[in-house]
Amino acid sequence: MFAYAASVMAMETDNSRDGLDARPAAGVVSKRTLGDATRQPYFLYVPQRGGANAPVFVTVHGISRNAQEHAERFTSFAERYGVVLIAPYFSKDSFPDYQRLGRKGKGARADLALDRIVDEVGRLTGAQTGKLFLFGYSGGAQFVHRYTLAHPERVAKVVLGAPGWYTFPDPAVKYPKGIAQAKSLPGVTFDPSGFLAIPTCVLVGERDVRQDVALNKSPKIEQQQGATRLERGEHWIAAMTRAAEAQGLKTSYTFHTLPRSRHSFTQSMVRGGMGEMVFDCLFGHQK
């Protein structure tokens with residue numbers, strides 16, 4: 001139990017008890033499951049002013065799968081900005097490859113699961129689900145930027161927190177290293193004119209320089225992207241900026257470091273001020 005969330009957890013609801021179509025309570029983190037055969041779990045926060053016509057903010061966990069912590073740590077920002085917050089939970093059993101969207105033979109498609117969650121939340125809350133404001137940390141940031149590449153029509157803005165590695169906008173390299181169509185992701189084609197128009201910010205802890213066990217240390221990845229999350233973030237932002245300019249686009253791609261932070265979602269939020277930076281990048285500065 002996280003000490004900071006004790007009051008939130010005391011009011012937590014679960015629609016498996018209240019009915020699949022129960023309108024979610026405002027001002028409380030709710031643990032919910034999709035009202036279809038998948039029973040896909042997710043966490044939801046609706047601001048006290050209600051969800052009608054509110055923007056939708058999605059935050060995606062890394063391989064620690066701390067979706068509940070994501071939801072709880074972002075509630076104060078969701079309340080301040082008046083946005084509906086969704087934190088999907090991609091289990092290891094059902095979504096072993098969620099960072100790469102779920103390639104053929106490697107579990108369920110995480111991008112399609114998120115679409116179903118968003119559609120349900122829109123129906124229950126009246127929130128604006130046409131364009132999403134996306135954030136992910138580590139493996140969740142891998143998912144978020146690849147979701148954006150595959151479904152740019154559904155995305156308004158993106159913030160990526162310390163992805164381990166990236167899909168580069170290189171049409172000569174097969175997915176997931178590049179955007180050449182791959183049989184492993186059937187039905188998905190990548191349209192640079194779409195995804196290169198989406199403003200994106202990358203945040204990495206200034207101390208996130210270790211090659212830990214979770215980091216992809218493939219020689220091909222290191223040659224393409226660099227050795228650390230800091231290097232890879234800077235190189236990807238530069239590559240996306242060049243690709244956008246080649247399309248005649250002046251899209252905002254920015255890179256920021258988080259003070260006193262290593263590779264840790266909790267530390268980045270507590271020490272690095274990541275919550276403020278995420279919402280500033282997505283929704284603009286608010287006092």
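Brief remarks follow.
- Scanning the range 241-256 for residues that are closer than 17 Å to CYS201 by Cβ and touching a residue at least 24 places away in the same chain (Cβ under 8 Å) gives ALA243, ALA244, LEU249, THR251, SER252, TYR253, THR254, PHE255, HIS256.
- Verdict on ILE86 being β-branched (Val, Ile, Thr) and surrounded by fewer than 21 Cβ atoms within 10 Å (Cβ to Cβ): no
- Any hit, the range 46-53, residues being out of contact with any Gly (no Cβ under 8 Å at 6 or more places or on another chain) and aliphatic (A, V, I, L, M): no
- Residues of the range 159-177 satisfying the condition of being crowded, with 24+ Cβ neighbours inside 10 Å and either among the aromatic types (Phe, Trp, Tyr) or not in a loop (DSSP other than H, G, I, E, B) (or both): VAL159, LEU160, GLY161, TYR166
- Scanning the range 35-56 for residues that are hydrophobic (A, V, I, L, M, F, W, C) and touching a helix residue (DSSP H, G or I) at 6+ places or on another chain (Cβ under 6 Å) yields PHE43, VAL46.
- Candidates ARG65, ARG32, ARG73: the one that is under 17 Å from GLY140 (Cβ atoms), basic (Lys, Arg) and outside any loop (DSSP other than H, G, I, E, B) is ARG73.
- Scan the range 240-267 for residues that are of a type in the set (Ser, Thr, Tyr), more than 17 Å from VAL158 (Cβ to Cβ) and not in a helix (DSSP H, G or I) and the total you get is 3.
- Set side by side, the residues ILE221, ILE237 differ, and just one is more than 22 Å from PHE283 (Cα to Cα) and either outside any loop (DSSP other than H, G, I, E, B) or at pLDDT below 95 (or both), which is ILE221.
- The lone criterion from (1) farther than 18 Å from GLY140 by Cβ; (2) in contact with a Pro (Cβ under 7 Å, 6 or more places away or on another chain); (3) not acidic (Asp, Glu) left unmet by GLN286 is number (2).
- Residues of the range 79-118 that are closer than 14 Å to ASN53 by Cα and either in a helix (DSSP H, G or I) or free of Cβ contacts under 8 Å to residues at least 24 places away in the same chain (or both): TYR81, VAL118.
The values are calculated or read from the model by the stated rules, or taken from the named source; none is laboratory data. All of these numbers come straight from a predicted model, not from anything done at the bench. Quick reminder, even Gly has a Cβ in these numbers, built from the backbone with ideal geometry, and neighbours come from all protein chains shown.
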